[in-house]
Amino acid sequence: MTHKIQKVVVKIGTSSLVLPNGKINLRTIDQLSFTLATLNNQGYQLILVSSGAIGVGLASLGLKERPAAIEEQQALASIGQAALMRIYSQRFLDYQTHVAQLLLTRDVLAYPVSRQHTLNTITTLLKQNVIPIVNENDPVSVDELDHHTTFSDNDELSSQVAVAIDADRLIILSDIDALYDKDPHKFSDAKIINRVPILTPEIKSAASGSSTRFGTGGMVTKLRAAATMMKAGKQMILCNGRDPKILFDIFDGQTIGTCFGK
Ligand SMILES: Nc1ncnc2c1ncn2[C@@H]1O[C@H](COP(=O)(O)OP(=O)(O)O)[C@@H](O)[C@H]1O
Ligand SMILES: N[C@@H](CCC(=O)OP(=O)(O)O)C(=O)O
């Protein structure tokens, strides 16, 4: 092994895990499991932040639309999270790799004691060559009174986890190749932006919300995650999760998607 151990957080969004017809994207989940298991064998330390609980919950019940009621979304998340972890566990085991589940809320990382316990668990799992799979604990995450338990979404969660565990970088796998100067799903002349060394007002104004059926935050929350990473002096890469084997090229040092930070 010639490379220095690198700790990397990989985040994958719902739009990469669920097909436009609402079915689970087993191909992507399988390729992601293969790729992360291979990189883990090569000595990298990996943490997967995976969305998809609500999306997989919808697929499990054969529903087409995300319900508006919070408690219905939470019920779907608790159905889907178990189903999603079952698929991940099976796929990763095909590649001789164990995974573990961590469901977090904002306050868990905000309070020093629970934050430290969480970091201890992640560190121990990494020492055991197990890949932690993190998601928000959606069934209990509701903001009320002065309890702020929700992250705005998993882009923010992934950047907070990456900074807390002092990861070298965060890689966000989305349904889009990179950051563009405007939403390419709405503007056919949108131009790709490969490097963002600092977040200028111009870059911020390029980002808008999600225009896909199952995604939530769109580019706005990805730029927020980038800001968190850059403030901590770390890089974030945004690229397309359609074929997660793209991670091999990124780990080989190729420039892919948009790189935020210096
Ligand atoms: N400037 C932009 N560049 C690229 N994508 C953008 C931009 N502004 C908005 N988007 C939208 O953000 C979407 C990705 O976010 P989202 O749907 O939440 O995916 P994910 O499930 O991966 O988090 C893209 O499909 C695109 O429609
Ligand atoms: N915790 C939610 C994910 C919410 C979210 O951030 O989704 P996405 O924008 O697709 O990354 C779930 O698992 O359904």
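Residues in the chain average 48 Å² of solvent-accessible surface per residue, probe 1.4 Å, ligands and nucleic acids excluded.
Within the straight-line cut-off of under 18 Å between alpha carbons, the lysines reachable from K11 are K222, K234, K245, sequence neighbours fewer than 8 places apart in one chain being disregarded. Within the listed set N135, N40, N154, the Gaussian network model of the chain (springs between alpha-carbon atoms below 10 Å) gives the highest mean-square fluctuation for N40. Across segment 1-103, the mean sequence separation of Cα contacts (distance under 8 Å, 6 or more residues apart), normalised by length, yields a relative contact order of 30 percent.
Oblate is the label for segment 95-141, because the ratio a/c of its alpha-carbon gyration tensor axes (a ≥ b ≥ c) is 1.5 or higher and a/b is not greater than b/c. Shape class for segment 31-129, computed from the alpha carbon gyration tensor (a ≥ b ≥ c): oblate, with a/c not under 1.5 and a/b at or below b/c. The mean sequence separation of alpha-carbon pairs under 8 Å and at least six residues apart, normalised by the residue count of segment 7-260, gives a relative contact order of 23 percent. In the chain, helical runs assigned H by DSSP with n ≥ 4 each contribute -39500 (n - 2.57); averaged across all residues and rounded to the nearest 500, the mean residue ellipticity at 222 nm is -13000 deg cm²/dmol. Of all DSSP bridge pairs formed entirely within the chain, close to 20 percent run antiparallel. Each Lys and Arg Cβ is given +1 and each Asp and Glu Cβ -1; about its Cα centre, the chain then shows a dipole of about 620 debye. Carbon-plus-sulfur fraction of the accessible area of segment 61-112, 1.4 Å probe, in percent? Carbon-and-sulfur percentage of accessible area, whole number: 56. Packing, taken as the mean count of other beta carbons within 10 Å per residue, orders the peptides 54-60, 161-167, 20-26 from highest to lowest as 54-60, 161-167, 20-26.
Once R0 is set to 22 Å, what does the formula 1/(1 + (r/R0)^6) return for the Cβ-Cβ distance between N21 and S208, expressed as a FRET efficiency to the nearest 0.05? It comes out at approximately 0.35.
Cross-link reach is defined here as a Cα-Cα straight distance under 17 Å, omitting same-chain residues fewer than 8 places apart; for K23 the lysines meeting it are K64. Only Cα pairs under 8 Å and 6+ residues apart enter the sum, and on that basis the relative contact order of segment 5-64 stands at 52 percent. Quick check: Cα centre of segment 29-46 to Cα centre of segment 49-90, how many Å? Rounded to whole Å, the Cα centres lie 24 Å apart. Springs between Cα atoms under 10 Å define the GNM used for the chain, and in it the highest mean-square fluctuation of L170, L119, L247 occurs at L119.
Between L223, L103, L46, the Gaussian network model of the chain with springs among Cα atoms under 10 angstrom shows the greatest mean-square fluctuation at L103.
On the basis of the beta-carbon distance and an R0 of 25 Å, T255 and T200 show a calculated FRET efficiency of 0.80. Counting charges near A77 (Lys, Arg +1; Asp, Glu -1) among other residues having Cβ under 12 Å from its Cβ returns a value of -3.
The values are calculated or read from the model by the stated rules, or taken from the named source; none is laboratory data. What you see is a predicted model, and the numbers here were worked out from it, not measured in a lab. With ideal geometry, Cβ positions are generated from the backbone for all residues, glycine too; neighbour counts draw on all protein chains shown. Heavy atoms of the whole protein, side chains included, go into the accessibility calculation; ligands, DNA and RNA do not. Shrake-Rupley method; radii C 1.70, N 1.55, O 1.52, S 1.80 Å.
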